Amino acid sequence: MREIWGLIPAAGAATRLGRRRGPSKEVLPVPAGADPAGPTKPACQDLLDNFRVAGVTRALVLLRRGKWDVAQRLGDGAEFGVDLAYRVLAPTRGVPFTLAAAAPFAGDRLIALGFPDILVQPRDLLARLVAHRERASADVALALAHCDRPHASDLVAIDARGRVRRLEIKPEATQLKWTWAFAVWTPRFTRFLTKWTETFEPRRARLGREPFVGDVLQAALAEGFEIDTLQAPDARLLDIGTPESLALAAPGRGGHAPSPRTPE
């Protein structure tokens, strides 16, 4: 199996959290256990733990200029068991463009993508996805978890074999129940992502919003990519990108961290 590198997109401005002072959301302190008054960890540690358990040897943090507290808190990654490197970016059009900035460093490696502002349980979810993708020999594989906030998520429709049929991005109403937590892909998809960002035309896309990774996945489906999935009913996700969801995780706000058996 090829070497696996992780990508950590941290180039956003956290606009969903509104005006606030304090650490960048990727390193906000959240409870390390069930006790909201107990020890804390940076919000991105769930992602870093999943990287380590999955055998990700290095991860590239794609950092927005000015978010220096992220690098200061995470350092070289030794504390988390993952070698970290940083690429500092000017503001981009959206996450796909942020990720494309990693292409010159990706080479022929497998890529594992997770989001540093999403708390994820269990710690071996990405490891299970890596093993699943290897067995399926898929160019792209997604780890799926149940979703109870579809208006803020990418919803995934799958067929009887577990292959992705389509994605619904932040739908107002849907019958779908799965969202994706992690993605693993091959160099073929890295090249597709790069080409997609280079040829993206807002007028033609007519999205009415910034582009998301789900838009690239949808375009890949249209180009004949088969996207495999690992369904994980035991997985639990908590996106801390809004004040309401942050209140469920942040210490001192009366909330609590998600557990593997407690839905968001």
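The values are calculated or read from the model by the stated rules, or taken from the named source; none is laboratory data. Because the structure is a prediction, the values reported are computed rather than measured. Here Cβ is always computed from backbone atoms with ideal geometry, including for glycine, and neighbour counts include all displayed protein chains.
Numerical summary
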| item | result |
| --- | --- |
| Residue list for the stretch 88-103, filter: within 9 Å of A11 (Cβ to Cβ) and of a type outside the set (A, V, I, L, M, F, W, C) | P91, T92, T98 |
| Scan of the stretch 130-157 for residues that are surrounded by 16 or more Cβ atoms within 10 Å (Cβ to Cβ), assigned to a helix (DSSP H, G or I) and either among the basic types (K, R) or touching a helix residue (DSSP H, G or I) at 6+ places or on another chain (Cβ under 8 Å) (or both), ordered by number | V130, R133 |
| Residue selected from the stretch 27-62 under the condition outside any loop (DSSP other than H, G, I, E, B) and farther than 24 Å from R128 by Cα, by the criterion modelled with the lowest pLDDT | P31 |
| Where F97 falls short, out of the listed (1) within 15 Å of the chain's Cα centre (by Cα); (2) surrounded by fewer than 21 Cβ atoms within 10 Å (Cβ to Cβ) | (2) |
| Residue within the stretch 63-75 that is modelled with pLDDT of 95 or more, surrounded by fewer than 24 Cβ atoms within 10 Å (Cβ to Cβ) and within 16 Å of the chain's Cα centre (by Cα) present | yes |
| Tabulated pairs, the stretch 71-97, first closer than 21 Å to V56 by Cβ, second of a type in the set (D, E) and in a strand (DSSP E or B), C-beta under 9 angstrom, 6+ apart or interchain | D76/D83; G77/D83 |
| Residue match in the stretch 77-86 (condition: in contact with a Gly (Cβ under 8 Å, 6 or more places away or on another chain) and in a strand (DSSP E or B)) | yes |
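Condition check ((1) modelled with pLDDT of 95 or more; (2) within 21 Å of P9 (Cα to Cα); (3) touching a helix residue (DSSP H, G or I) at 6+ places or on another chain (Cβ under 9 Å); (4) among the aromatic types (F, W, Y)) across all residues:
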| position | (1), (2), (3), (4) |
| --- | --- |
| D117 | no, yes, yes, no |
| D159 | yes, no, no, no |
| G162 | yes, no, yes, no |
| I169 | no, yes, yes, no |
